[in-house]
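Peer 1: One structure is given below, represented as structure tokens, and several questions about it will come after.
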Amino acid sequence: DAIPSADQIRITTSLKSQRGSVWTKTKSIFEYWEVEVTFRVTGRGRIGADGLAIWFTEEQGLEGPVFGAADKWNGVGIFFDSFDNDGKKNNPGVIVVGNNGKLLYDHQNDGSTQALASCQRDFRNKPYPVRVKITYYQKTLTVLINNGFTPDKEDYEFCAKVEDMVLPSQGYFGVSAATGGLADDHDVLSFLTFQLTEPGKEVPTPDAEIPQKDKEKYQEEFEHFQQELDKKKEEFQKEHPDVQGQPGKTTCPFFLPADDVFETVSDRELRQIFEGQNRIHLEIKQLNRQLDMILDEQRRYVSAVTDEIAKRGAGVPGQQGQVSQQEIETVVKTQEEVIRQVNEIRNSMADTLRLISGAQHPGSAAGVYETTQHFNDIKEHLHVVKRDIEHLVQRNMPSSEKSKCPDLPPFPSCLSTMHFLIFVAVQTVLFIGYIMYR
């Protein structure tokens, strides 16, 4: 099912149950080699299948069940597996599997029981082509990958390494791909092969480029296959006009409705918004638990103040009673302010929860910042309440107990209003900066 052209090869099209491959015509006689492959794997669905493979084998695996190529190969295959057959949520991934010509590939476990090395990389639907560099030198196979997020062709990162690996002295290079119940377009843009020589050995002369006649022939074949593909798609749509809303037959162990397999741009945005709202919902739940703890602490402080006033109110001198009355009024005002802030937080949380359970509007994310700001204000007011209560308790202590502590500064405390306002302003600026940074 491969469609060749002068500038790329579409190994498989995004149709179900496709198999395609391309192989070198003659065996490579390189003892040590390096290949650089550039490809794209694109599809409309969130999940792709089945994947693409890069081969170096003793014989050509023209067609078979292993990503479009034959099983029981003698050599190595580097598999870019898109579909998660074993359900371990470790796909898309890159797997290196060797074979001596006798083993059957373990499809059900995604080759995990036979993998010599692997790494988890998402190579589907990237803005730039994905690049892979595979090096075999002195019995060591190394796989480097460029994840397709940057136009820099040399931005490779390490993926896998296999040491003490013995490969056939001569073999064919190939690329294959396959689709199942789900389908992706698998396009190979370039396949560059290099011979590696040890220091001091003679460097071989490069081969000639592809003749112009072959390029023209490939272009004609590509256009011919492309026309046939368009005709097949039109015939399929005419024969199955209602296929969009019906689950289709699939070669996978299960089938998915079309609405679950494919998603539009708006569906993807809504899904991302929904995930963000879920995180916001969890943050609000945590804030609510912390708020309940603060309210419990506040009730204990109020109860302690009331008991202390009831016990010591009768024996306090007139002037001392006036001072205590002022402090009590300050505490009461602060409590009213705290209650007001609590009500605002509850209203803000209720609005945010309604947005989360409703149309998933992205603007509701701002409620987190507002709620966090209210939470910070409550903490500041509680610090003021705690300080006032400590002053009140210390002033109403008996003389025997007061002698144990240092003398308190005269009322009001040494912290002036200006200093307090400056401290609050600096703390507010630092908190806003932290929220923006996070």
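The values are calculated or read from the model by the stated rules, or taken from the named source; none is laboratory data. Keep in mind that this is a model prediction, so the values were computed, not measured. FYI the Cβ positions are ideal-geometry reconstructions off the backbone, even for glycines, and counts take in every protein chain you see. To get the accessible areas, we keep the full protein, side chains included, count just its heavy atoms, and leave off ligands, DNA and RNA. Shrake-Rupley method; radii C 1.70, N 1.55, O 1.52, S 1.80 Å.
Peer 1: Restricting to the stretch 128-150, count the residues that are closer than 17 Å to Thr42 by Cβ and modelled with pLDDT under 90.
Peer 2: The total comes to 3.
Peer 1: Only one of (1) farther than 30 Å from Thr197 by Cβ; (2) surrounded by fewer than 20 Cβ atoms within 10 Å (Cβ to Cβ); (3) not hydrophobic (A, V, I, L, M, F, W, C) is not met by Asp155, so which one is it?
Peer 2: Result: Asp155 fails condition (1) only.
Peer 1: Also, quick follow-up: Check the stretch 264-280 and report whether any residue there is hydroxyl-bearing (Ser, Thr, Tyr) and either modelled with pLDDT of 75 or more or open to solvent by 100 Å² or more (accessible area, probe 1.4 Å) (or both).
Peer 2: no
Peer 1: Of the conditions (1) over 28 Å from Asp50 (Cα atoms); (2) basic (Lys, Arg); (3) part of a strand (DSSP E or B), Lys201 fails just one. Which one is it?
Peer 2: (3)
Peer 1: Among the listed residues Lys102, Lys126, Lys133, identify the single one that is open to solvent by 60 Å² or more (accessible area, probe 1.4 Å) and either touching a residue at least 24 places away in the same chain (Cβ under 8 Å) or part of a loop (DSSP other than H, G, I, E, B) (or both).
Peer 2: Checking each option against the conditions leaves just Lys102.
Peer 1: To continue, here is another question. What single numbered condition from (1) part of a loop (DSSP other than H, G, I, E, B); (2) surrounded by 14 or more Cβ atoms within 10 Å (Cβ to Cβ) fails to hold for Tyr172?
Peer 2: Of the numbered conditions (1) part of a loop (DSSP other than H, G, I, E, B); (2) surrounded by 14 or more Cβ atoms within 10 Å (Cβ to Cβ), the odd one out for Tyr172 is (1).
Peer 1: Of all residues in the stretch 105-123, how many are farther than 18 Å from Ile145 by Cα and not in a loop (DSSP other than H, G, I, E, B)?
Peer 2: So the answer is 0.
Peer 1: So which residues in the stretch 54-87 are over 24 Å from Asp185 (Cβ atoms) and without any contact (Cβ under 8 Å) to a residue 24 or more places away in the chain, if there are any at all?
Peer 2: If the condition is that a residue be over 24 Å from Asp185 (Cβ atoms) and without any contact (Cβ under 8 Å) to a residue 24 or more places away in the chain, then Gly87 is the only one that fits.
Peer 1: Have a look at Asn85, Asn91 and point out the one that is modelled with pLDDT under 90, over 23 Å from Ser169 (Cβ atoms) and either open to solvent by 40 Å² or more (accessible area, probe 1.4 Å) or not assigned by the TED database to the domain that holds Gln170 (or both).
Peer 2: The unique qualifying residue is Asn85.
Peer 1: Among the listed residues Asp214, Asp260, identify the single one that is outside any loop (DSSP other than H, G, I, E, B) and modelled with pLDDT under 60.
Peer 2: Answer to the selection: Asp260.
Peer 1: Output the residues belonging to the stretch 217-257 that are open to solvent by less than 80 Å² (accessible area, probe 1.4 Å) and at pLDDT below 80.
Peer 2: His240, Val243, Gly245, Pro247, Gly248, Thr250, Cys252, Leu256, Pro257
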